Amino acid sequence: MADARVIVALDLPDAATALQFADRLAPEKCRLKVGKALFTQAGPDIVKCLVDKGFDVFLDLKYHDIPNTVAAACRAAADLGVWMLNVHAAGGRDMLLAAHEAVGDQTPLLIGVTVLTSLHDDDLQAIGFAGDSAEQVVRLAGLCAEAGLQGVVASAQESARLRQHFPRDFMLVTPGIRPAGSGADDQARTMTPTEAIRAGSDYLVMGRPITRAADPVAVLDEINQALHQAISPNH
Ligand code: C5P
């Protein structure tokens, strides 16, 4: 599988557990996401180890600060050799431009977080955002595109709508993915891998359905097989 679409969220308690788990996976079959909890616990070394093992690593630290600080953080992440990193679109135009200038147009890929899928419309109003979450996602994705970011993190439920507004090469990275028949955990609005790809998602972030599976490799193989069929031009 040359272009792995699944990004496995390594939401595991410590470096040893995360590395042990990664050793069961192959870089050709998936990419890996390191988030705030594992990074805070294990530090940059875990990222370097995973990169050295040949994995594309998405460093999901969602930077949101003044432009100078975010630019420095992005440069530090790029120096770790990550494949993708992200910033909060709500950090504003200057912060997005500074992040883009810090990493350039090639690697790592820089994407923006639009609206956290844990927020409801009344939460957005309480924060002071006008409009509902769907409008807000499109507005923030527009800010990201204007600042030169390569894409956004959004709910797969927004993929079809985002595809209407942005060119095909604007990357959509979507969590909240659950294979048919698996539990939703704490995700409210889920889509299956095939549904998400058909809706226009490029990369699917999946944690627990893979990390907690009795046979993670078998689950991943099954998903990759289904995605291969969904993407194949003759299908
Ligand atoms: O285990 P599960 O598949 O729900 O993991 C989803 C991953 O995607 C977690 O690491 C979670 O933090 C992340 N995520 C999310 N919703 C967002 C952004 C990130 O679930 N809006």
**Request:** Would you mind stating whether ARG168 is out of contact with any helix residue (DSSP H, G or I) (no Cβ under 8 Å at 6 or more places or on another chain), surrounded by fewer than 21 Cβ atoms within 10 Å (Cβ to Cβ) and closer than 18 Å to LEU10 by Cβ?
**Result:** no
**Request:** Tally the residues that are touching a strand residue (DSSP E or B) at 6+ places or on another chain (Cβ under 7 Å) and polar (S, T, N, Q), restricting the search to segment 158-189.
**Result:** 2
**Message:** When you check VAL6 against the structure, is it of a type outside the set (Phe, Trp, Tyr), at pLDDT 95 or above, within 16 Å of the ligand (Cβ to nearest atom) and closer than 21 Å to GLY142 by Cβ, yes or no?
**Reply:** no
**Prompt:** Which of the residues spanning segment 183-235 are of a type in the set (Gly, Ala, Ser) and either exposed (fewer than 14 other Cβ atoms within 10 Å of the Cβ) or under 14 Å from SER155 (Cβ atoms) (or both)?
**Reply:** GLY183, ALA184, ALA188, ALA196, ALA199, GLY200, SER201, ALA214, ALA218, SER232
**Message:** When you scan segment 11-25, do you find a residue that is more than 13 Å from the ligand (Cβ to nearest atom), crowded, with 17+ Cβ neighbours inside 10 Å and closer than 23 Å to GLY142 by Cα, even just one?
**Reply:** no
**Message:** Can you pull out every residue in segment 161-190 that is over 13 Å from the mean Cα position of the chain (by Cα), at pLDDT 95 or above and of a type in the set (A, V, I, L, M)?
**Reply:** LEU162
**Item:** Every residue from segment 93-117 that is outside any helix (DSSP H, G or I), of a type in the set (Gly, Ala, Ser) and touching a residue at least 12 places away in the same chain (Cβ under 8 Å)
**Value:** GLY112
**Complete:** Inside segment 68-92, the number of residues satisfying the requirement of being in a helix (DSSP H, G or I) and either closer than 20 Å to VAL34 by Cα or not polar (S, T, N, Q) (or both) is 13
**Complete:** Note on segment 41-55: residues under 18 Å from the mean Cα position of the chain (by Cα) and surrounded by fewer than 21 Cβ atoms within 10 Å (Cβ to Cβ) are VAL51
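The values are calculated or read from the model by the stated rules, or taken from the named source; none is laboratory data. Source: prediction; values computed, not measured. Heads up, the Cβs are rebuilt from the backbone with ideal geometry, glycines too, and the neighbour counts pull from every protein chain shown.
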